[in-house]
Amino acid sequence: MRPSDTKARIQTVARELFAEKGVQQTSLRDIADRLGITKPALYYHFTSREDLLRSIVQPLIDDVDAFLADTEANAPQSPRELLQGYFDITFRHREVTMMVVRDLSTLAHLDLGSRMGHWRRRLITLLLGPDPDLAARARAVVAIGGLSDCTVEFADVPAETLGPRRWPRWRRSEPARRRPGESRVKRPHRAGRRRKADPRAPDMSGMTNRHRGNAPRCGTLSTSPQRHRSVTPPAHSNGRSTG
């Protein structure tokens, strides 16, 4: 067996044990025993457990750094394309992400926590520009964090069924603007929903339709019923008194 094949087998078994038992609870002896090789043979490829751990995590670090550097140097991408590219890399290395989540001490070993925070800040700058407001930054953090969670929660799902490319297109709806002079269209009254009565309106329950037209309207100075008298126009007398 070639040395490169042995090294790859050691890394594969180490990922499995790190995920099962955690980094701190896994020794090089455990890895050698599962592989069926001697501990000196394992030391030939990796001088320590930290060296082996770094060799597993380093491809993720290199790929994300290269992706961000290339994106920053070239023409800006759409938010969907940017998040999809980041998701593809993290999903490809999802075993590393799962290992880190199950044993957070890995973050301290490789200073991975500060690296991830730096990646997130660079992504937010690419998404929103150099000076976004707090609300926009919060939405970006939720989006980036949600993508990272998907790599763990849906690790067994095919990659092509996940990610921003599968998100439904969403566009904020804006209220329709009226043109100058255009009347406002009234919405139809919903059946079964009673309108709230105006307390200023007079009681017209005892009036007939003939009298309702003479009732005072809301907003007038007096809301009491008014007496209506019929006035007979004076007769023309050609200037003479009718006495």
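The values are calculated or read from the model by the stated rules, or taken from the named source; none is laboratory data. Being a predicted model, the structure only gives us computed values, none of them experimental. Here Cβ is always computed from backbone atoms with ideal geometry, including for glycine, and neighbour counts include all displayed protein chains.
I need a count of the residues in segment 66-109 that are surrounded by 12 or more Cβ atoms within 10 Å (Cβ to Cβ) and modelled with pLDDT of 80 or more.
Summing the residues that are surrounded by 12 or more Cβ atoms within 10 Å (Cβ to Cβ) and modelled with pLDDT of 80 or more in segment 66-109 gives 25.
Given the structure, is ASP70 part of a loop (DSSP other than H, G, I, E, B), free of Cβ contacts under 8 Å to residues at least 12 places away in the same chain and charged (D, E, K, R)?
Working: part of a loop (DSSP other than H, G, I, E, B): no; free of Cβ contacts under 8 Å to residues at least 12 places away in the same chain: yes; charged (D, E, K, R): yes.
It is false that ASP70 is part of a loop (DSSP other than H, G, I, E, B), free of Cβ contacts under 8 Å to residues at least 12 places away in the same chain and charged (D, E, K, R).
Considering only residues that are farther than 26 Å from MET116 by Cβ and among the hydrophobic types (A, V, I, L, M, F, W, C), look in segment 32-59 and name the one that is surrounded by the fewest Cβ atoms within 10 Å (Cβ to Cβ).
This residue is ALA41.
Suppose the filter is surrounded by 17 or more Cβ atoms within 10 Å (Cβ to Cβ), touching a His at 6+ places or on another chain (Cβ under 7 Å), in a helix (DSSP H, G or I) and of a type outside the set (Lys, Arg); does ILE10 pass it? Write out each step before concluding.
On the way: surrounded by 17 or more Cβ atoms within 10 Å (Cβ to Cβ): yes; touching a His at 6+ places or on another chain (Cβ under 7 Å): yes; in a helix (DSSP H, G or I): yes; of a type outside the set (Lys, Arg): yes.
Spelling it out, ILE10 is indeed surrounded by 17 or more Cβ atoms within 10 Å (Cβ to Cβ), touching a His at 6+ places or on another chain (Cβ under 7 Å), in a helix (DSSP H, G or I) and of a type outside the set (Lys, Arg).
Name the pairs whose Cβ atoms lie under 6 Å apart, with the first residue in segment 132-161 and under 14 Å from ARG121 (Cα atoms) and free of Cβ contacts under 8 Å to residues at least 12 places away in the same chain, the second assigned to a helix (DSSP H, G or I) and not polar (S, T, N, Q), and 6 or more positions between them or separate chains?
Short answer, once both residue conditions are applied: ALA136/LEU128.
Considering only residues that are farther than 18 Å from GLU16 by Cα and in contact (Cβ under 8 Å) with a residue 24 or more places away in the chain, which ones fall in segment 46-64? Show your work before the answer.
Of the residues in segment 46-64, the ones farther than 18 Å from GLU16 by Cα are 47, 61-64.
Result: ILE61, ASP63, VAL64.
If you scan segment 18-36, which residues turn out to be aliphatic (A, V, I, L, M) and at pLDDT below 90? Lay out the reasoning, then the answer.
Step one: filter segment 18-36 for residues aliphatic (A, V, I, L, M), giving 19, 23, 28, 31-32, 35.
Result: ALA19, VAL23.
Out of ILE37, ILE31, ILE89, I need the residue that is touching a Phe, Trp or Tyr at 6+ places or on another chain (Cβ under 8 Å) and either free of Cβ contacts under 8 Å to residues at least 40 places away in the same chain or within 24 Å of PRO158 (Cβ to Cβ) (or both). Which one?
On the way: ILE37 fails: touching a Phe, Trp or Tyr at 6+ places or on another chain (Cβ under 8 Å); ILE31 fails: touching a Phe, Trp or Tyr at 6+ places or on another chain (Cβ under 8 Å).
Selected residue: ILE89, the only one of ILE37, ILE31, ILE89 that is touching a Phe, Trp or Tyr at 6+ places or on another chain (Cβ under 8 Å) and either free of Cβ contacts under 8 Å to residues at least 40 places away in the same chain or within 24 Å of PRO158 (Cβ to Cβ) (or both).
With the requirement that a residue be under 17 Å from GLN11 (Cβ atoms), assigned to a loop (DSSP other than H, G, I, E, B) and of a type outside the set (A, V, I, L, M), what does segment 78-133 give you?
Correct list: HIS93, ASP103.
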